[in-house]
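Engineer: Could you have a look at this structure, given as structure tokens, before my questions?
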Amino acid sequence: MLSLIQIQYNIYMQKKLTLGFFFTLFLCITFLPIVWMFENSIYEEGRVSFAYYRDIFLTLKYGKVISNSLILASITTILSSFIGVPAGFFLAKTNLPLKKFFKICFFIPLIIPSYITGIAWVNLLGKTGFLNNGFSQYTLLSPESISDFIYSIYGASFILSINLFPVVMLVTEYALKSINPRLEESGLVVGSVFQVFRQITLPLIAPAILSSMMIVFVLSLSEFGVPSLLQVNVLTTQIFTQFSAFYNEKVATAIAFPLIVITFILIMLEKIYMRGKSFEILGRTSSISTTQYNITWLNVVGITFCTFVLLVCVIIPLSTLIFNTKTISAYHDAILLARNGIKNSILFGSIGATLLTFIGFFLGYLSENIRSRWKSSAAIFIWLFFAVPATVIGVGLIKLCNRPEGIFQFIYGSLWIVIIGYVARFLPLSSRIMANYLKQIPYSMEEAGTVTGASWFRILGQILFPLQGYGLIATWLISFMFCIGELGTTVLVYPPGHETLPIALFTVMANSPTDIVSALSIIIVVMTLLPVGVFLAVSKYLVSKPKLGLQ
């Protein structure tokens, strides 16, 4: 019989080797392509040269592109906050009718790819759009000025704010529900609702709101689909142009450098700012006893605001796409035209989601469950790579894999480069989701398995995996949803014959009629929303606790 100390040592080594393997795999998939890309960009004719970086930082050659990116991200962040903070407040603090309905509907813009929303609003505000005709007929605006707006940095910001405001809304709602109600109730005794919100509530939720704004800023800065659709010249589209049109990967890499630096600095500043804040109030679990403002006029304002947001962000864009398809035959033609892309999207998305869930579990465990002073550093390091733009990941994978003498050459030209692109793009997200679910499992569960003499792999198979059944399903479905809509990395790395549905959509947009493009857009919407429906169904029926045991 092994002693308890020997058993604990064996478990420690098994855990250390396993987590070390998956962290090394994470570095190979995400960190190595970026490092390799930058290393190759500083060599010119066999010697070290920073000529391309001098063009970026010491001249104004790309100043306009950088400023466009920062303006796009700033306007998007401001608009998203103007929509998201009030929406979160009304959902958390008022007795709105249809509150759950509004919340579910507000998820939709975040779930569907941003370029789908862009296509809908281009159909509405383009030169032949329905709203363009209406505005130009009944206002002083000309059709050209309306069309110029949607094909500008301001139009791109408008569309991205529709896509990203749910991030601010969700964080605001949770922060408001997590405030100790006694603080607000005490304030209401001596002050009005406005005074309580301004002097008590807002200061408490400000760190959470600023954190959500940072996330929106970073996501806007790294966005490719909407600027590409609207022909807005920002860093991500410039990277794509330099690499795919001019075949100048070194310039593309140099342009990517400020984008990565800006996003990393922002995330680190946010972490430093949040580290100095007290979360004793915000850190508690959301409570049913949250203070509710049952004021008639506030409920009226809330229902009016939420209805307007629902119309602009969900009903009008989706209705436009459905209306533009006109006939059922449009869906038939679209499926025939993009059948290979649909099949590839389902296959690649399924494999990618499976890998993301499996690897994400161990990275989530590394971020949450290890007892080490490096735990928070590992979590921050992994999450940093979610800020890396999709086009940068695509360029890095090509530079790493497309080398005749390289050990990764077999990946280039196969479906695996697309799948690895999915994993590199969304592994930080899947690991964060798994870490949040792992928080709910007491460490005593593992200790109980240790006492019985079980190995760590047996504890994984008979305790952690069964307890994480719901989390594993949720992570797989969310990962599949993001893989289906991924464009920025796939458009660079996909080999001939391995195009996905978003690639097929962007390919046919130039030459196909509006009804086909709209039908393909609706197909993508259905394929991204379907996992959400499955998740909601599973969450209702997966209520029985898994049976645990170490036979």
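Engineer: Ranked by accessible surface with a 1.4 Å probe, highest first, in what order do 93, 177, 15, 326 come?
Structural biologist: My answer, sorted largest first, is 326, 177, 15, 93.
Engineer: Which GluC sites (Glu not before Pro) in the stretch 36-85 pass both tests, a DSSP loop state and at most 16 other beta-carbon atoms within 10 Å? Please list the in-between numbers first.
Structural biologist: Values: sites: 39, 44, 45; in loops: 45.
Listed in order of number, the matching sites are 45.
Engineer: Go ahead and estimate [θ] at 222 nm for the chain from helices alone: -39,500 (n - 2.57) per DSSP H run with n ≥ 4, summed, over the residue count, rounded to 500. Before the final figure, lay out the partial values.
Structural biologist: Numbers: 28 runs with 392 residues, N = 551.
Helix contribution divided over all residues of the chain: -23000 deg cm²/dmol.
Engineer: Extension gain residue 44-residue 202, at 0.36 nm per residue separation less the Cα-Cα distance, in nm?
Structural biologist: 51.5 nm
Engineer: Report the full-extension gain for the segment residue 190 to residue 410: residue separation times 0.36 nm, less the Cα-Cα distance, to one decimal in nm.
Structural biologist: Length gained between residue 190 and residue 410: 72.1 nm.
Engineer: To the nearest Å, what is the center-to-center distance of the stretch 100-133 and the stretch 181-220, using C-alpha atoms only?
Structural biologist: With the stretch 100-133 and the stretch 181-220 each reduced to a Cα centre, they are spaced 30 Å.
Engineer: In whole Å, what are the extents of the stretch 62-147 along the principal axes defined by its C-alpha atoms, from largest to smallest?
Structural biologist: Per principal axis, max minus min of the Cα coordinates gives 43, 39, 25 Å.
Engineer: If you don't mind, another one. Output the relative contact order of the chain, whole-number percent, from Cα pairs under 8 angstrom with separation of 6+ residues.
Structural biologist: Dividing the mean separation by the residue count of the chain yields 22 percent.
Engineer: Using per-residue counts of other Cβ atoms within 10 Å, averaged over each peptide, order 198-204, 479-485 from highest down.
Structural biologist: Ranked by mean Cβ neighbours within 10 Å, highest first: 479-485, 198-204.
Engineer: In Å, what Rg and Dmax follow from the Cα atoms of the stretch 1-98?
Structural biologist: For the stretch 1-98, the Cα-based Rg and Dmax read 25.9, 72 Å.
Engineer: Hey, can you list the DSSP H helices of the chain whose Cα span along the axis is 20 Å or longer and whose average Kyte-Doolittle score is at least -0.5?
Structural biologist: Span-like helices, by this rule, are 4-26, 63-93, 153-177, 202-221, 249-275, 296-310, 339-368, 415-438, 469-485, 514-541.
Engineer: Which log10 I(q)/I(0) values does the stretch 118-261 give at q = 0.13, 0.21 Å⁻¹ under the Debye formula, counting every alpha carbon as one identical point scatterer?
Structural biologist: Each listed q corresponds, in turn, to -0.79, -1.14.
Engineer: Residue 346 to residue 8: FRET efficiency via 1/(1 + (r/R0)^6), r the Cβ-Cβ distance, R0 41 Å, to the nearest 0.05?
Structural biologist: Calculated transfer efficiency: 0.40.
Engineer: Using Cα pairs closer than 8 Å and at least 6 residues apart in sequence, work out the relative contact order for the stretch 80-205, in percent.
Structural biologist: In percent, rounded to a whole number, it is 36.
Engineer: By how many nm would the segment from residue 100 to residue 61 grow when fully extended, if each residue of separation counts as 0.36 nm and the alpha-carbon distance is taken off?
Structural biologist: Computed gain between residue 100 and residue 61 is 9.1 nm.
Engineer: Using the structure shown, list the pairs from 127/250; 100/326; 15/439; 16/343 with a Cα-Cα distance above 28 Å, or answer none.
Structural biologist: Over 28 Å Cα-Cα: 127/250; 100/326; 16/343.
Engineer: Taking the mean number of other Cβ atoms within 10 Å as a proxy for protection, how do you rank 17-28, 230-241 from highest to lowest?
Structural biologist: In descending order of packing, they fall as 230-241, 17-28.
Engineer: Starting from the Cα of residue 312, step 7 Å along the direction of its Cβ; do the same at residue 248; then give the gap between the two resulting points in nm.
Structural biologist: Label at residue 312, label at residue 248, 3.9 nm between them.
Engineer: Quickly rank 431-439, 5-13 as a protection proxy: mean count of other C-beta atoms within 10 Å, highest first.
Structural biologist: My ranking of the peptides, most packed first, is 431-439, 5-13.
Engineer: Given the whole protein assembly as supplied and a 1.4 Å probe, what does the accessible area of residue 36 come to in Å², nearest 10?
Structural biologist: 70 Å²
Engineer: Would you work out what percent of the accessible area of the chain, with all protein chains in place, is carbon or sulfur (probe 1.4 Å)?
Structural biologist: 68 percent
Engineer: Let me ask something additional. With label points built 7 Å along Cα→Cβ from the Cα atoms of residue 182 and residue 536, find their separation and express it in nm.
Structural biologist: 3.8 nm
Engineer: Can you give the Kirkwood hydrodynamic radius for the chain, in Å, rounded to one decimal and based on Cα pairs?
Structural biologist: 25.4 Å
The values are calculated or read from the model by the stated rules, or taken from the named source; none is laboratory data. Keep in mind it's a predicted model, so treat the numbers as computed, not measured. With ideal geometry, Cβ positions are generated from the backbone for all residues, glycine too; neighbour counts draw on all protein chains shown. Note: areas computed on protein heavy atoms with side chains; ligands, DNA, RNA excluded. Shrake-Rupley method; radii C 1.70, N 1.55, O 1.52, S 1.80 Å.
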